[in-house]
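> Here's a structure for you.
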Amino acid sequence: MELARRLAASAAAMSVESGFERLFDEYSAAIYNYALRMVGDADRAADIAQDTFIKAYRKLDTLTDATSTRSWIYRIATNTAIDEMRRRRRVRPMGDDAVTYAQRPDQRPGPEAQVIGSMLDERIGRALLRLRPNHRQCLLLSDLDDMSSQQIGEVMDMSHGAVRVLLSRARSEMRRHLAAEGLTR
Amino acid sequence: MTSRQPGSHPDELISASLSGDLTDAERLELDDHLLTCRSCCDTLAAFADERRLISGLHHVPAPSDLSARVRSGIEAGRLGSIPWWRRPGGVVAVGATLATVTAALLAIAVIGNLRPAPVGHATPSPSAYVVPSASVAASPSPSVEATPTPERAIALGPGELGYLSLSGASLEAGHLTFNNDATGASLSLGTVSGPPIAAALSPDGHWLAYITQKGETGANEVWVAHLTDAAVVRLGCSAEAPFTDRLAWSPDGSYMAYTLVSIDLGPTSGCPPSVTAVGRTDAWFFDVGTGERTKITGDGNAFAASFLPNEHLLISWAAETPWSEEVPLKADATPAPINGVFLPLISSDGNRAMFWSGTMASSNGQWQFSRGGMPQLSDDFRSAGPASPWIGTPLFKDLTPVGGEAFAYGSFEWATATGRIAFWNGAWTGPPQSADGTYPSQQDVCIGSSTSLLSAPACSLGLAGKGRIVDVTLSPSGDVAVTVGLPSAGIGDPPSATLTVIGSCCGGEGRVIGSDVQPPPWDGPAVFGP
């Protein structure tokens with residue numbers, strides 16, 4: 001009886017491991033990139049992605065609907081990123097995130113096109129970091145992760161209508177920042 | 001629908017239109033407003049630019065040790081025990097107790113279904129589709145046909161216009177270049193024996209696929225050029241035929257699918273002799289990674305259509321009742337037909353498709369619609385109910401096939417960041433359906449959206465009568481680049497074409513690319529930077 005209980009527990013643990021590995025494989029790259037664009041720093045993004053998946057592992061039992069998996073993991077990532085940004089301000093004021101981003105040298109080698117692409121990414125990244133955090137979140141979820149207003153609402157715990165208004169304001173704000181970078185009309 | 005103050009600008013609708021979040025009523029309201037409001041046209045263009053820039057941000061690989069850090073954190077069970085700013089890579093996190101594990105087990109069935117359902121019909125195909133290249137005389141390593149010396153790379157920034165340009169004296173091979181309209185940079189693509197008629201840029205902007213006519217032979221040549229080193233590869237020769245000018249890049253840029261109609265031009269033509277009967281139409285693909293080209297079908301009536309977001313290729317078979325199938329290029333699977341759907345073109349978000357329906361017939365090896373040929377717009381694949389999303393809505397709101405007479409063929413195109421669509425070169429076989437007897441016309445370029453669809457007023461760009469519409473390309477924000485082949489000035493004169501770019505809304509005036517060059521070269525087709 002004891003052996004049977006142990007075997008059942010072992011099988012359950014293996015299933016969890018397998019399921020979590022699939023979750024990680026499916027979303028780790030996207031969550032890392034989302035975090036990277038949220039905070040503009042590779043090390044901080046890695047920490048956020050790491051904490052996101054550790055929290056996800058703990059909260060697997062709250063995931064009840066396959067269709068909401070994406071919203072669920074992004075909600076955890078969003079909250080983790082917000083917490084990280086709050087802590088950072090409280091514990092060690094860093095000034096403007098955009099300055100931090102701009103000061104980071106781009107070490108990636110590569111041909112001319114890649115260099116041009118990196119410079120473009122950096123200018124877009126600077127503009128993103130000048131947005132208010134909630135504007136940045138919904139803009140990234142919409143344009144980087146291609147979520148609908150409905151899905152963004154699930155991530156940010158907002159109504160569909162509120163997301164549309166927020167997204168419109170975010171686009172207007174981003175338009176100004178991109179224009180300042182010489183990137184849009 | 002949103003309520004707006006009179007005279008205010010519908011920024012919220014403009015923003016929502018970019019992600020397809022408008023109701024039909026809102027779409028109509030916005031379309032009507034854009035017709036008269038220059039400011040909102042500018043806002044739409046700026047928002048579309050912005051969405052394109054953000055979605056085009058380079059994907060940065062996650063740190064290679066992220067998995068180990070997460071695993072270590074879960075096993076160590078110490079999340080929060082170390083200050084966040086001093087947390088080493090491999091430490092952190094929470095214990096995975098048996099209780100946690102047991103509770104989480106309930107979620108496993110959910111995680112097992114993580115991957116979203118494929119768009120449309122998920123019908124993979126058998127490996128038998130991939131005919132070994134040796135058996136169909138496909139050269140495993142296509143030869144570099146031109147420009148052996150690497151030249152300076154050319155790149156297009158986001159939304160920048162690039163175009164092919166052919167110049168040369170009468171009755172001689174022309175010199176083909178690829179040009180960046182914004183920077184003036186130009187890249188030689190060597191000599192060709194006829195003008196370019198189609199072009200498609202790979203999603204990463206590194207490769208350009210294009211089709212040129214082969215003199216007066218009635219044949220075309222399909223090429224691909226690597227824009228970073230100017231290497232040019234000829235992918236094959238094909239008889240000119242409707243529906244064979246589609247150059248389909250896979251979303252990740254690994255493959256480019258195209259269609260060849262077998263033709264025998266003789267041993268000195270530069271085209272390898274066909275090993276199958278002349279007039280057979282089959283789908284091929286070029287593998288960027290290996291440089292190999294592969295014949296996918298051997299049926300003689302198959303056309304490369306477009307790729308789905310899951311990198312599977314849609315191939316269409318021409319027949320009295322045509323059909324399409326979803327084919328993974330490098331895997332085994334069992335296909336299932338999508339009946340009645342021909343040459344679907346998937347939107348960049350993967351949510352909808354334009355395609356052809358009707359009855360087809362073959363004449364002299366060329367397939368076209370013989371009855372009821374109409375372009376259709378699919379339902380949204382995300383919201384389709386029990387009915388198939390492939391039960392389409394006719395793209396034209398005001399055309400009705402009478403006695404089965406409709407389009408024999410035509411071409412359509414999506415803009416990537418907006419719902420804008422274009423239709424051109426429509427060969428209408430029935431009587432005109434407008435009061436003035438001019439609509440529909442093969443000289444029309446019709447511009448609309450996936451919600452407003454197309455009608456006579458959408459087909460009045462003012463290009464009718466100027467020449468033959470060769471190609472239409474939509475920029476990500478919906479600008480229209482039209483290549484118009486000009487009537488020949490005399491026997492033996494080199495071909496000429498103008499490339500005109502027309503603004504995306506408010507009837508913006510057209511800008512002719514290279515208009516000051518004399519004699520007029522052949523400019524176009526155009527592509528836009530990703």
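> Can you tell me which residue is nearest to the chain's Cα centre (by Cα) among those in the range B:236-259 that are aliphatic (A, V, I, L, M) and outside any loop (DSSP other than H, G, I, E, B)? Steps first, answer last, please.
Restricting attention to the range B:236-259, the residues satisfying the condition of being aliphatic (A, V, I, L, M) are B:239, B:241, B:247-248, B:256-257.
Checking which are outside any loop (DSSP other than H, G, I, E, B) leaves us with B:239, B:248, B:256-257.
Details: B:Ala239: 21, B:Ala248: 6, B:Met256: 11, B:Ala257: 11 Å.
Looking at the filtered set, the residue picked out is B:Ala248.
Residue-wise test of (1) closer than 21 Å to B:Ala48 by Cα; (2) modelled with pLDDT under 75; (3) more than 9 Å from every other protein chain (Cβ to nearest Cβ); (4) in contact with an Asp or Glu (Cβ under 7 Å, 6 or more places away or on another chain).
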residue: A:Thr80; (1), (2), (3), (4): no, no, yes, yes
residue: A:Pro93; (1), (2), (3), (4): no, yes, yes, no
residue: A:Asp97; (1), (2), (3), (4): no, yes, yes, no
residue: A:Gln107; (1), (2), (3), (4): no, yes, yes, no
residue: A:Leu129; (1), (2), (3), (4): yes, no, yes, yes
residue: A:Leu144; (1), (2), (3), (4): yes, no, no, no
residue: A:Met156; (1), (2), (3), (4): no, no, yes, no
residue: A:Arg164; (1), (2), (3), (4): yes, no, no, yes
residue: A:Arg169; (1), (2), (3), (4): yes, no, no, no
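> For A:Leu60, are the conditions met, namely being aliphatic (A, V, I, L, M), within 8 Å of chain B (Cβ to nearest Cβ) and over 12 Å from the mean Cα position of the chain (by Cα)?
On the way: aliphatic (A, V, I, L, M): yes; within 8 Å of chain B (Cβ to nearest Cβ): yes; over 12 Å from the mean Cα position of the chain (by Cα): yes.
So A:Leu60 passes the test.
> Being in a loop (DSSP other than H, G, I, E, B), in contact (Cβ under 8 Å) with a residue 24 or more places away in the chain and within 21 Å of B:Asn364 (Cβ to Cβ) is the filter here; which residues of the range B:286-319 pass it?
Once the filter is applied, which keeps residues that are in a loop (DSSP other than H, G, I, E, B), in contact (Cβ under 8 Å) with a residue 24 or more places away in the chain and within 21 Å of B:Asn364 (Cβ to Cβ), the range B:286-319 yields B:Thr297, B:Gly298, B:Gly300, B:Ala318, B:Ala319.
> Let me ask another. With respect to the numbered conditions (1) among the polar types (S, T, N, Q); (2) within 17 Å of B:Ala497 (Cβ to Cβ); (3) surrounded by fewer than 21 Cβ atoms within 10 Å (Cβ to Cβ), which one is the sole condition not fulfilled by B:Asn220?
(3) is the only condition that B:Asn220 fails.
> Still on this structure, please answer the following. Could you tell me whether any residue of the range B:292-314 is over 21 Å from B:Ala209 (Cα atoms), surrounded by 23 or more Cβ atoms within 10 Å (Cβ to Cβ) and over 17 Å from the mean Cα position of the chain (by Cα)?
No, the conditions are met nowhere in the range B:292-314.
> Can you tell me which of (1) modelled with pLDDT under 90; (2) among the charged types (D, E, K, R); (3) within 30 Å of A:Glu181 (Cβ to Cβ) is the one A:Arg58 doesn't meet?
(3)
> Given (1) facing chain B (nearest Cβ under 10 Å); (2) assigned to a loop (DSSP other than H, G, I, E, B); (3) crowded, with 17+ Cβ neighbours inside 10 Å, where does A:Ile152 come up short, assuming only one miss?
Going through (1) facing chain B (nearest Cβ under 10 Å); (2) assigned to a loop (DSSP other than H, G, I, E, B); (3) crowded, with 17+ Cβ neighbours inside 10 Å one by one, A:Ile152 breaks only (2).
> For the range B:414-457, give me each residue that is assigned to a loop (DSSP other than H, G, I, E, B), under 17 Å from B:Gly503 (Cβ atoms) and hydrophobic (A, V, I, L, M, F, W, C).
Within the range B:414-457, B:Ala415, B:Ala417 meet the criteria.
> I've got another one for you. I need a count of the residues in the range A:171-185 that are assigned to a helix (DSSP H, G or I) and either more than 7 Å from every other protein chain (Cβ to nearest Cβ) or among the aliphatic types (A, V, I, L, M) (or both). Reasoning before the result, please.
If we filter the range A:171-185 for residues that are assigned to a helix (DSSP H, G or I), which is where we start, we get A:171-180.
If we keep only those that are either more than 7 Å from every other protein chain (Cβ to nearest Cβ) or among the aliphatic types (A, V, I, L, M) (or both) as well, we get A:173-174, A:176-180.
Number satisfying all stated conditions: 7.
> Does at least one position in the range B:226-243 carry a residue that is touching a helix residue (DSSP H, G or I) at 6+ places or on another chain (Cβ under 7 Å), surrounded by fewer than 23 Cβ atoms within 10 Å (Cβ to Cβ) and touching a residue at least 60 places away in the same chain (Cβ under 8 Å)?
We begin by selecting, within the range B:226-243, every residue touching a helix residue (DSSP H, G or I) at 6+ places or on another chain (Cβ under 7 Å); these are B:228.
If we keep only those that are surrounded by fewer than 23 Cβ atoms within 10 Å (Cβ to Cβ) too, we end up with B:228.
Going one step further and asking which of them are touching a residue at least 60 places away in the same chain (Cβ under 8 Å), we end up with B:228.
Yes: one or more hits.
> So, of the residues in the range B:441-477 that are of a type outside the set (Lys, Arg), farther than 21 Å from B:Pro394 by Cα and modelled with pLDDT of 75 or more, which turns out to be nearest to the chain's Cα centre (by Cα)?
Among residues in the range B:441-477 that are of a type outside the set (Lys, Arg), farther than 21 Å from B:Pro394 by Cα and modelled with pLDDT of 75 or more, the one nearest to the chain's Cα centre (by Cα) is B:Thr473.
> Quick one: in the range A:109-127, which of the residues that are within 10 Å of chain B (Cβ to nearest Cβ), crowded, with 17+ Cβ neighbours inside 10 Å and at pLDDT 50 or above is nearest to B:Leu156 (Cα to Cα)?
A:Gly117
> I'd like to verify a number: residues in the range B:49-73 that are in a helix (DSSP H, G or I) and under 14 Å from A:Leu140 (Cα atoms), how many? I'd like the intermediate steps shown before the answer.
Of the residues in the range B:49-73, the ones in a helix (DSSP H, G or I) are B:49-55, B:66-73.
When the remaining residues are screened for being under 14 Å from A:Leu140 (Cα atoms), the result is B:50-55.
Matching residues across the range B:49-73 total 6.
> Right, something else. Please enumerate the residues belonging to the range A:31-42 that are of a type outside the set (Phe, Trp, Tyr) and more than 9 Å from chain B (Cβ to nearest Cβ). Before you say what the answer is, go through the steps one by one.
From the range A:31-42, those of a type outside the set (Phe, Trp, Tyr) are A:31, A:33, A:35-42; that's our starting set.
Within the range A:31-42, A:Ala35, A:Met38, A:Val39, A:Gly40, A:Asp41 meet the criteria.
> Hey, any hits in the range B:256-275 for a residue that's touching a helix residue (DSSP H, G or I) at 6+ places or on another chain (Cβ under 8 Å), within 27 Å of B:Trp367 (Cα to Cα) and surrounded by fewer than 22 Cβ atoms within 10 Å (Cβ to Cβ)? Write out each step before concluding.
So the first thing to find is which residues in the range B:256-275 are touching a helix residue (DSSP H, G or I) at 6+ places or on another chain (Cβ under 8 Å), and the list is B:275.
In the following step, the residues that additionally are within 27 Å of B:Trp367 (Cα to Cα) were identified as B:275.
If we keep only those that are surrounded by fewer than 22 Cβ atoms within 10 Å (Cβ to Cβ) as well, we get B:275.
Checking the range B:256-275: at least one residue is touching a helix residue (DSSP H, G or I) at 6+ places or on another chain (Cβ under 8 Å), within 27 Å of B:Trp367 (Cα to Cα) and surrounded by fewer than 22 Cβ atoms within 10 Å (Cβ to Cβ).
The values are calculated or read from the model by the stated rules, or taken from the named source; none is laboratory data. Quick caveat, the model's predicted, so the values are computed rather than measured. For neighbour counting, all protein chains shown are included, and Cβ atoms are generated from backbone atoms with ideal geometry for every residue, glycine included.
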